[in-house]
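What follows is a short report on a single structure.
The values are calculated or read from the model by the stated rules, or taken from the named source; none is laboratory data. Remember, predicted model here, so these are calculated numbers, not experimental data. Note that each Cβ is placed from the backbone with ideal geometry, even for glycine, and that neighbours are counted across all protein chains shown. Each accessible area value is taken on the protein alone, full model and side chains, heavy atoms only, with ligands, DNA and RNA left out. Shrake-Rupley method; radii C 1.70, N 1.55, O 1.52, S 1.80 Å.
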Amino acid sequence: MKKVLVTGSSGYIGRHLLLDLTDYYTVGLDRVFRPQVADKFISQNILENKMIEGEYDAVVHLAGLVNVGDSVKNPMRYYETNVAGTLKMLEQVDYKHFIFASTGAAENPSSPYATSKSVTEDLVHEYCRLNNKDCTIFRFYNVIGS
């Protein structure tokens, strides 16, 4: 059975993604706990220097800060979490494929949030290229639901 790590598993997209991954062994990782359908949950902030045990067929990296207005008030917090936090996940997890959740705003960044996502897209591509890993970047646009 394939094994998938979903960071940001307590968030909107993470919770819905886990519901669709029932044919996989799933591990959710988040700094906050909300009821999970993952087979295992790891309570961890992506900024921690802590190796994630196990080998994964894929990492779906959804964890990050996403509030545009807050990013204008606290830009360094967004660069630290979204860029440095993603680098930690790239380095601290043993995986075959890294899937990064970005934003449509990364196309023409006009906020620290969008810039942090654009920079991280480049980081993911370069890190995976240098380390012979596969990667995919998803740019989400207006994710909403009831």
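Computed over protein heavy atoms with a 1.4 angstrom probe, the accessible surface ordering of Phe138, Phe33, Phe41, Phe100, largest first, is Phe33, Phe138, Phe41, Phe100.
Look at the Cα gyration tensor of the range 41-114: its axes a ≥ b ≥ c give a/c of at least 1.5 with a/b over b/c, and that counts as prolate. The heavy atoms of Glu53 offer some 150 square angstrom of accessible surface to a 1.4 angstrom probe. On the beta carbon distance between Asn67 and Asp23, with R0 = 41 Å, the FRET formula returns roughly 0.75.
Considering only Asp23, Asp57, Asp134, give the residue with the highest GNM mean-square fluctuation for the chain, with springs between Cα atoms whenever their separation is below 10 Å. Evaluated over the chain, the most mobile residue of the options is Asp23. In this structure the amide hydrogen of Gln44, modeled in the peptide plane, comes within under 5 Å of the amide hydrogens of Asp30, Arg31, none closer than 5 places in sequence on its chain. Among Cys128, Cys135, the order of accessible area from largest down is Cys135, Cys128, computed with a 1.4 Å probe on protein heavy atoms.
3J(HN,Hα) along the range 111-116, derived from phi through the Karplus expression 6.51 cos²θ - 1.76 cosθ + 1.60 where θ = phi - 60°, amounts to 8, x, 4, 5, 5, 4 Hz, with x in place of Gly and Pro.
Cα centroids of the range 1-77 and the range 97-146: 15 Å apart.
Protection proxy ranking for 59-67, 9-17, using the average of other Cβ atoms within 10 Å per residue and placing the highest first: 59-67, 9-17. When nucleic acids and ligands are ignored and a 1.4 Å probe is applied, Arg34 ends up with an accessible area of around 110 Å².
Listed values for the range 91-98 are Karplus-derived 3J(HN,Hα) couplings in whole Hz (6.51 cos²θ - 1.76 cosθ + 1.60, θ = phi - 60°), namely 8, 9, 10, 8, 9, 9, 9, 10, and x replaces Gly and Pro.
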